[in-house]
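Peer 1: Structure below; questions to follow.
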Amino acid sequence: MKQSSYPLECELGMKYYASDAEGIGGKLRTTPQDFVVGEIPLEGKGGTEGPYLICTLTKTNWELQHAVKEIANRLGISHRRIGWAGTKDRNAITTQWISIYKVTAEQVASIRLKDIVLTPIRNSNESFSLGDLEGNRFDLVIRDVDTTDLAERVRVITETAREGVPNYFGIQRFGAIRPVTHKVGEWILRGDYEQAVLTYIGLAFPHEADEIKAIRSAFSADRDAGAALHAFPVRMNYERAMLHHLYTNPGDYVGALHELPPKLLSMFVSAYQSWLFNSALSRRFDDGHTLTAPEPGDQLIFANGRTDIVTPANAPAAAIHIRRGRCSIAIFMPGKDKQGCGAASDRIIAELMAESSITPADFDRASRFAETKFDGAYRPISLKTAIESSIDGESVHLKFILPPGHYATTVCREFMKADPVRMI
């Protein structure tokens with residue numbers, strides 16, 4: 001395995017690549033057309049009758065939450081009546097499935113928004129929730145790559161991806177320009193809502209515009225909600241909504257956080273769980289373990305969701321199952337109820353949580369705060385996919401399919417081995 005040399009990746013727990021091959025460099029998302037993703041829907045979900053209108057949403061260079069709010073505004077409804085199966089990238093062309101409660105196909109067909117196509121499909125008796133899809137199909141272009149021995153490097157890394165790469169949560173899980181969501185989630189779990197708000201509004205990052213960095217830094221220093229509200233551009237509606245609440249309700253940081261959409265609020269805590277997973281997986285590699293060699297105490301997860309524990313007696317059989325793709329070693333992301341089985345990764349996660357004084361009871365409290373269950377779940381440590389790759393001059397074209405909750409940038413970083421900001 002090869003170690004990443006990029007501080008941001010290491011901070012987000014993404015310390016390793018699966019292959020030792022040199023990366024091809026380059027840049028992803030030079031234009032939205034270079035990152036095309038389409039959801040593969042679940043078959044037959046919800047029948048053909050009911051109060052939910054199922055639609056496909058195709059958008060170019062739109063952040064999902066903003067697109068949903070604009071659609072809701074045009075329909076004259078609350079954005080809480082719109083559900084979706086997956087959260088898609090902004091700088092991309094994405095097609096996904098959404099559900100809208102109690103609207104007609106005619107109402108939806110009348111919506112006109114730049115770079116958004118909303119197509120009514122059918123009615124359903126249930127809405128979409130995160131994860132309600134078979135997977136995602138990606139069609140990507142990496143431009144301006146290093147052409148030295150390019151064909152051989154692409155071949156080697158393509159083979160590696162078929163065998164498995166570290167199944168990290170990608171950089172966009174934490175925020176592309178501002179990888180801050182897990183930090184906000186940590187403060188929410190610690191019950192320090194003031195710091196959660198100050199982090200979301202006031203923590204500046206290098207790749208933001210200088211104007212925005214200055215506004216954030218000023219708010220962080222003086223906590224003047226009125227001045228920051230006046231200074232932030234209108235397009236930054238989440239920061240402005242929180243600041244407006246603080247301006248009219250000084251010191252009410254809980255209320256300020258609840259100005260955010262519930263799904264965004266829940267993503268903060270989920271991002272902290274993702275950071276725990278990434279960090280525990282890298283610690284596993286630090287200790288000399290691999291993606292495919294099970295150790296006694298490891299948890300296995302099978303394709304049907306069944307889990308099992310590796311013991312000294314079944315370890316050889318477990319290794320065979322892993323090589324044949326029947327199961328994967330998994331790491332448990334903690335929540336309010338279940339805990340891990342005592343594997344080395346569980347002890348690592350317990351140590352990371354203890355450093356921030358976070359306990360399972362904090363996930364229970366966060367569940368009530370964000371109105372979302374954080375029960376904990378197993379996630380495979382290896383991501384495998386068959387990739388179609390081709391080369392056109394200084395560009396590499398990749399096509400592949402991933403299950404829900406897995407990140408195309410995790411595959412791309414294996415090819416590029418470049419500064420993560422070149423993937424956003």
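Peer 1: Rounded to a whole number, what is D in µm²/s for the stretch 99-243 from Stokes-Einstein with the Kirkwood radius over alpha-carbon pairs (4 °C, 1.567 mPa s)?
Peer 2: 64 µm²/s
Peer 1: Please tell me which of these pairs span more than 25 angstrom C-alpha to C-alpha: Lys59/Lys183; Lys59/Lys384; Lys69/Lys114; Lys213/Lys417?
Peer 2: In this structure, Lys59/Lys183; Lys59/Lys384; Lys213/Lys417 lie more than 25 Å apart at Cα.
Peer 1: Skipping prolines and chain starts, which residues have an amide H placed within reach, meaning under 5 Å, of the one on Arg122, given they are 5 or more residues away or on another chain?
Peer 2: Ile54
Peer 1: If you wrap a convex hull around the C-alpha atoms of the stretch 248-312 and split its volume per residue, what is the figure in Å³?
Peer 2: So the per-residue Cα hull volume is 141 Å³.
Peer 1: Where Rh denotes the Kirkwood radius from the mean inverse Cα pair distance, what is Rg over Rh for the chain?
Peer 2: When Rh is taken as the Kirkwood radius, the ratio is 0.96.
Peer 1: Note the full-extension length gain between Glu152 and Thr359 as 0.36 nm times their separation in residues minus their Cα-Cα distance, in nm to one decimal.
Peer 2: 69.8 nm
Peer 1: Where the only charges are on Cβ atoms (+1 Lys, Arg; -1 Asp, Glu), what is the dipole of the chain about its Cα centre, to the nearest 20 debye?
Peer 2: Dipole of the chain, to the nearest 20 debye: 820 debye.
Peer 1: Could you list which residues have their amide H under 5 Å from that of Tyr16, counting only those 5 or more apart in sequence or on another chain, with H placed in the peptide plane?
Peer 2: Excluding prolines and chain starts, which carry no amide H, the hits are Ser4.
Peer 1: Applying the Karplus parametrisation 6.51 cos²θ - 1.76 cosθ + 1.60 with θ = phi - 60° to the phi angles of the stretch 122-131, what ³J(HN,Hα) value in whole Hz is obtained for each residue in order, glycine and proline being reported as x?
Peer 2: So the J values, rounded to whole Hz, are 6, 9, 8, 9, 8, 8, 7, 10, 3, x.
Peer 1: Something else now. Could you list Ser274, Ser78, Ser356 so that the one with the fewest beta carbons within 10 Å of its beta carbon is first and the one with the most is last?
Peer 2: Ser78, Ser356, Ser274
Peer 1: Around Gly297, with a cut-off of 10 angstrom between Cβ atoms, what is the net charge of the other residues, counting Lys and Arg +1 and Asp and Glu -1?
Peer 2: Once positives and negatives cancel, what remains is -2.
Peer 1: Treat the stretch 282-424 as a sphere of radius equal to its Kirkwood radius over Cα pairs and apply Stokes-Einstein at 20 °C in a medium of 1.002 mPa s; give the translational diffusion coefficient in µm²/s, rounded to a whole number.
Peer 2: D = 122 µm²/s.
Peer 1: Taking the chain as a Gaussian network, where each spring joins two C-alpha atoms under 10 Å apart, which residue of Ile201, Ile171, Ile121 fluctuates the most?
Peer 2: Among Ile201, Ile171, Ile121, the largest GNM mean-square fluctuation belongs to Ile121.
Peer 1: Please report Phe205, Phe128 as a ranked list, fewest other C-beta atoms within 10 angstrom at the top and most at the bottom.
Peer 2: By the 10 Å Cβ count, ascending: Phe205, Phe128.
Peer 1: In the stretch 226-290, which trypsin sites (Lys or Arg not before Pro) are in a loop and have at most 12 other Cβ atoms within 10 Å, using DSSP for the loop call?
Peer 2: Passing both the DSSP loop test and the Cβ count: Arg235.
Peer 1: When the convex hull of the C-alpha atoms of the stretch 43-131 is computed, what volume per residue in Å³ does it have?
Peer 2: About 82 Å³ per residue, rounded to a whole number.
Peer 1: Suppose R0 equals 30 Å; then what is the FRET efficiency for Ala377 and Ile116 from their Cβ-Cβ distance, rounded to the nearest 0.05?
Peer 2: With R0 = 30 Å, the Cβ-Cβ based efficiency is 0.40.
Peer 1: Here's a follow-up. Checking understanding here: applying a Kyte-Doolittle mean of at least -1.0 and a length along the axis of at least 24 Å (C-alpha), which whole DSSP H helices in the chain pass?
Peer 2: Taking the DSSP H segments of the chain (at least 24 Å long, mean hydropathy at least -1.0), we get 262-286.
Every read-out reported here was derived from the displayed coordinates using simple, explicitly stated rules and does not represent laboratory data. A quick note: this is a predicted structure, and the numbers were derived from the prediction, not measured. Don't worry about glycine lacking a Cβ; one is built from the backbone with ideal geometry, like all the others, and counts go over all protein chains shown.
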